[in-house]
Amino acid sequence: MVRRWLCFLIALVFMVPTSLSALNAEELDLELVLLADATGSIDTAEIRFQRQGYADAITDPAVISAITGNIYGKIAVTYIEWGSVGSQDVVVDWMVIDGPETAQTFATRLMEPPRRAFGSNAIGDALLFAKQRIDSNTFQGLRRVIDLSADSATNFNGPPIGPARQQVIDAGIIINGLAVLCRHCSGRPAGYDLEAAFAQRIIGGPGSFVVTADSRETFADAVRRKLILEIAGITPKRRIVRLD
């Protein structure tokens, strides 16, 4: 009997930190990782172009309305650029956005740092890095989403996409995607349909989807539409969402 109580007390001791962590977590509507392509096919000018697209989208009145119209009226967002295995850069760390002012602060911070991620595609490693950032943050979101952008669905180094993707999905995290098809940037990959590859290999979880745009002019609009869907928790009618 004494031994049984001792085991119970030991188990309770190990459970308390986890319980306290959960109690202290800030509750909000969404934990969102924006996981942006910074591989060799994306030059420095395109890095700035991508960041500006996200900066414009996060401050858009329609996106702000989607944030404030939710249950808690706030989300936590981080922006990470990824390249080869081990090359992930947290451009903007976790930040709560609850209105125009905090959205503008996020946008300003996004444009400031230099590029620090490089190399060939390691999508599996990027997904696992994003999962770790969600697991270790101080928020408790009603939903958790990793949003990966890329101009390719191939994996040249690091963990394979399949097992990494499954780890993320098993943790209750949704993976959405942005297929970068801008011909004036890096263009479509040769030999396969990028949107279909995203749908088959990368995105996953309930209501997951991929948004695509095929020009520089529609990039920011694609990001804006994607953010609204994610923030509002809207499931598109189709898994591949193309701009009209």
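The values are calculated or read from the model by the stated rules, or taken from the named source; none is laboratory data. Just so it is clear, the model here is predicted, and its values are computed rather than measured. Virtual Cβ from ideal backbone geometry, glycine too; neighbours counted across all protein chains shown. Heads up: the accessible areas ignore ligands, DNA and RNA and are worked out on the full protein's heavy atoms, side chains in. Shrake-Rupley method; radii C 1.70, N 1.55, O 1.52, S 1.80 Å.
Counted by Cβ distance under 11 Å from Ile47, the other residues give a net charge of -1, where Lys and Arg count +1 and Asp and Glu count -1. Here the 3J(HN,Hα) profile of region 226-242, calculated from phi with Karplus coefficients 6.51, -1.76 and 1.60 at θ = phi - 60°, is 4, 4, 4, 4, 5, 5, 7, x, 8, 8, x, 5, 10, 6, 10, 9, 9 Hz, Gly and Pro shown as x. Taking amide hydrogens as placed 1.01 Å from N in the peptide plane, the amide H of Leu28 sits under 5 Å from those of Gln140, Gly141, Leu142, each at least 5 positions away in sequence or on another chain. When the distances between all Cα atoms of the chain are binned every 10 Å from zero, what whole-number percent does each bin get? Once binned at 10 Å, the Cα pair distances of the chain give 8, 32, 36, 15, 5, 3, 1, 0. Only Lys, Arg, Asp and Glu carry charge here, each on its Cβ (+1 for the first two, -1 for the last two); on that basis the chain has a dipole of about 640 debye about its Cα centre. With springs only between Cα atoms under 10 Å apart, run a GNM on the chain and tell me which of Pro100, Pro159, Pro113 wobbles the most. Looking only at Pro100, Pro159, Pro113, the biggest GNM fluctuation is shown by Pro113.
GNM remark for the chain: springs join alpha carbons under 10 Å apart, and the peak mean-square fluctuation among Asp29, Asp193, Asp221 falls on Asp193.
Spacing of the modelled spin labels on Glu112 and Ser136, each 7 Å from Cα toward Cβ, amounts to 2.2 nm. Farthest towards the positive end of the charge dipole of the chain, among the residues Phe118, Asn70, Ala130, is the Cα of Ala130, using unit charges on the Cβ of Lys, Arg, Asp and Glu. Seen against the Cα atoms of the chain and their longest principal axis, helix 100-111 is set at about 70 degrees. Residues considered: Glu27, Glu230, Glu217. Largest GNM mean-square fluctuation over the chain, using C-alpha springs under 10 Å, is found at Glu217. What region 84-205 shows is 41 Å² of accessible area per residue, with the surface traced by a 1.4 Å probe over protein heavy atoms. Taken about its Cα centre, region 121-244 carries a charge dipole of roughly 200 debye when the Cβ of each Lys and Arg holds +1 and the Cβ of each Asp and Glu holds -1.
Among Phe129, Phe156, the order of accessible area from largest down is Phe156, Phe129, computed with a 1.4 Å probe on protein heavy atoms. Full-extension gain between Gln167 and Thr235, please, as 0.36 nm times their residue separation minus the C-alpha to C-alpha distance. That pair, Gln167 and Thr235, stretches by 22.3 nm at full extension.
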